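The values are calculated or read from the model by the stated rules, or taken from the named source; none is laboratory data. Quantities reported herein were computed from a predicted structural model and do not represent experimental measurements. Here the Cβ positions follow ideal geometry from the backbone for every residue, glycine too, while neighbour counts run over all protein chains shown.
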Amino acid sequence: MSTILETKGLTIAFGGHVAVNDVTIAIERNQLKSIIGPNGAGKTTFFNMLSGQLKPTKGEVIFNGKEITNLSATERTRLGIGRSFQITNVFPNLTCYENVRLAVQSQQGIRYNIFSHFSKYKHIEKRALELLDVVLLKDKTEELAVNLAHGEKRKLEIAMLLALETELLLLDEPTAGMSLEEVPMILDVIKSIRDQRSRTILLIEHKMDMVLDLSDSLMVLFHGELLADGKPEEIMNNEQVQSAYLGGMQHDAS
């Protein structure tokens, strides 16, 4: 299995505070890895260095064998790194279909020409409908985005990320702010993308029980440091992880 993303000694300090300290990790292609850890562990800061929102104080980020440490977020998107809920914007007064179609057009560098025959764009329509199906929104094709529930908007944003043909999906707490009824839907969408094994997913979650069954592997951040990295069962049985973070949660999650 090949590596799609690596960090080497990734570190960032704000003033005297080291938020992420010397994190070295390798992410395998077409796997789903979850980053877990309590609030304040440095998860989102680490993500922001991967997606280009923050520049590390030291260390490297390597994507598909190329060092990208100094590239902007936009340049990383062009290379195939998609960051959820920040790169994409849902247009509230367009339908779900129109939102995804615009993302497909953007990826293919196509602008509509009023004088072109509509049949030229059939492949765009087909792709947009396929992506709505992937994220379980096919029945909402003609629904305005503004009318969607919070969880449905998240699913629409994932469809738009997929439309950009991202090789690596960075999902920052995808279930945050959702109702209990909405959580299983978004997890089903993420599972279906994982099961296709054509994209790599890196996912932040502070509720470990949410991602145990979803993840091929877990990395645990604690006080900005990499505490552990391995298969879910290894992480569950890691005494350091239990004492630092999980407490009694390993029993609740089993």
Inspect all residues belonging to the range 36-43 and state whether any of them is in a loop (DSSP other than H, G, I, E, B), more than 23 Å from Ala244 (Cβ to Cβ) and under 17 Å from the mean Cα position of the chain (by Cα). no
Residue count, the range 103-127 (criterion: at pLDDT 85 or above, over 20 Å from the mean Cα position of the chain (by Cα) and of a type in the set (A, V, I, L, M, F, W, C)): 1
Selection from the range 6-55 of residues that are free of Cβ contacts under 8 Å to residues at least 60 places away in the same chain, within 16 Å of Leu170 (Cα to Cα) and not small (Gly, Ala, Ser): Glu6, Thr7, Asn48, Met49, Gln53, Leu54
Please enumerate the residues belonging to the range 89-102 that are among the β-branched types (Val, Ile, Thr) and modelled with pLDDT of 90 or more. Thr95, Val100
Of Thr11, Thr24, Thr3, Thr7, which residue is buried (at least 20 other Cβ atoms within 10 Å of the Cβ) and either within 17 Å of the chain's Cα centre (by Cα) or modelled with pLDDT of 95 or more (or both)? Thr7
Please specify each residue of the range 152-173 satisfying the condition of being farther than 18 Å from Glu6 by Cα and among the β-branched types (Val, Ile, Thr). Ile158
In the range 26-44, residue nearest to Arg78 (Cα to Cα) [restricted to those that are in contact with a Phe, Trp or Tyr (Cβ under 9 Å, 6 or more places away or on another chain) and of a type in the set (Val, Ile, Thr)]: Ile35
How about the range 148-254: which strands (runs of 3 or more DSSP E) wholly inside it have at least 1 residues that are in contact with a Phe, Trp or Tyr (Cβ under 6 Å, 6 or more places away or on another chain), surrounded by fewer than 20 Cβ atoms within 10 Å (Cβ to Cβ) and at pLDDT below 90? 168-172
Taking the options Thr175, Thr166, name whichever one is touching a Lys or Arg at 6+ places or on another chain (Cβ under 9 Å), among the polar types (S, T, N, Q) and more than 25 Å from Ile62 (Cβ to Cβ). Thr175
Could we say that Gln86 is part of a loop (DSSP other than H, G, I, E, B), among the polar types (S, T, N, Q) and modelled with pLDDT under 90 here? yes
Can you pull out every residue in the range 44-58 that is closer than 23 Å to Gln196 by Cβ and over 18 Å from the mean Cα position of the chain (by Cα)? none
For residues that are within 15 Å of the chain's Cα centre (by Cα), over 26 Å from Asp139 (Cβ atoms) and acidic (Asp, Glu), tally how many sit in the range 176-219. 2
Within the range 52-79, residues surrounded by 15 or more Cβ atoms within 10 Å (Cβ to Cβ), outside any loop (DSSP other than H, G, I, E, B), on the phi < 0 side of the Ramachandran plot and modelled with pLDDT of 95 or more come out as Glu60, Val61, Ile62, Phe63
